[in-house]
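Before any comments, here is the structure.
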Amino acid sequence: MALPRHVGYYVGAGLISGAVVHHPMDPTRYSLIAASGVLVFLLATVLNDIILPPERPALSRMLRVLGTSTMLSFGLGMLSGGMQHFADLPYRCAVLIPLGIVLSFVAYFLKEDKTPWRRIFGLMGLAVLVVAALTFAGLRHIAPTMAESGGGHSHSDVVTDKGSDEGHDGDHGSGAADPTPQPTASTKDTHPSEEPGHADGHQH
């Protein structure tokens with residue numbers, strides 16, 4: 001029963017990961033997708049941490065679980081989405097990945113640990129912070145190379161190709177609308193034999 005109970009976590013984090021990475025391309029659309037992912041993640045949290053346990057937690061615990069679950073969903077979304085699309089958007093993902101590491105770490109211990117601040121501000125928190133800083137520095141160093149090589153599927157190519165296609169369509173449309181006028185031959189040039197003068201000259 002563990003897998004069905006946790007499917008909502010995976011679906012919610014998957015929706016958020018794509019929305020966080022692609023948000024600048026269409027803010028309205030991807031904001032709705034991110035909100036849907038958070039809702040799915042929270043529904044899974046309510047099911048697993050509030051409804052299914054034999055003892056219902058106190059109200060303060062419920063609010064804490066919901067708040068930290070929202071943080072955790074965005075942290076996991078940033079981490080997984082940044083890793084998937086680093087080749088496409090290296091500069092943006094170089095920020096999302098380390099930020100997702102820190103946010104996921106903080107949210108997880110706020111949600112699960114009874115003494116979270118000792119973990120967050122202890123040696124473990126310091127280690128996570130160092131890993132995130134090194135990750136950011138390394139990815140920022142690699143990002144220019146990825147941008148120049150154009151690795152992955154570039155989302156900007158879609159816009160460029162679409163614009164070029166529209167240009168070609170416009171050229172075809174203008175050519176069809178303004179055809180080059182062809183000179184029309186006169187009746188005299190087409191049928192010289194029918195002129196009266198020529199008819200009289202050939203009759204002897």
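Remarks
- Total residues in segment 29-40 satisfying the condition of being open to solvent by less than 70 Å² (accessible area, probe 1.4 Å) and in contact (Cβ under 8 Å) with a residue 12 or more places away in the chain: the figure is 8.
- Exactly one residue out of SER69, SER73, SER60, SER80 is over 32 Å from the mean Cα position of the chain (by Cα) and not in a loop (DSSP other than H, G, I, E, B): that is SER60.
- Residues that are open to solvent by less than 60 Å² (accessible area, probe 1.4 Å) and either farther than 14 Å from THR70 by Cα or at pLDDT 95 or above (or both) within segment 8-25 comprise GLY18, ALA19, VAL21, HIS22, listed in sequence order.
- Members of segment 41-78 that are farther than 19 Å from LEU103 by Cα, open to solvent by less than 80 Å² (accessible area, probe 1.4 Å) and of a type in the set (Val, Ile, Thr): VAL46, ILE50
- Filter pass, ARG119 being open to solvent by 30 Å² or more (accessible area, probe 1.4 Å), at pLDDT below 90, of a type outside the set (Gly, Ala, Ser) and assigned to a helix (DSSP H, G or I): yes
- Screening ILE97 on (1) open to solvent by 20 Å² or more (accessible area, probe 1.4 Å); (2) under 26 Å from ALA132 (Cβ atoms); (3) assigned to a helix (DSSP H, G or I) shows it passes everything except condition (1).
Let's see how each residue does on (1) outside any helix (DSSP H, G or I); (2) of a type in the set (Phe, Trp, Tyr); (3) open to solvent by 30 Å² or more (accessible area, probe 1.4 Å); (4) modelled with pLDDT of 95 or more:
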residue: ASP88; (1), (2), (3), (4): yes, no, no, no
residue: LYS114; (1), (2), (3), (4): yes, no, yes, no
residue: ALA133; (1), (2), (3), (4): no, no, yes, yes
residue: PHE136; (1), (2), (3), (4): no, yes, yes, yes
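The values are calculated or read from the model by the stated rules, or taken from the named source; none is laboratory data. Just so it is clear, the model here is predicted, and its values are computed rather than measured. We place every Cβ from the backbone using ideal geometry, glycine too, and count neighbours over all the protein chains shown. Each accessible area value is taken on the protein alone, full model and side chains, heavy atoms only, with ligands, DNA and RNA left out. Shrake-Rupley method; radii C 1.70, N 1.55, O 1.52, S 1.80 Å.
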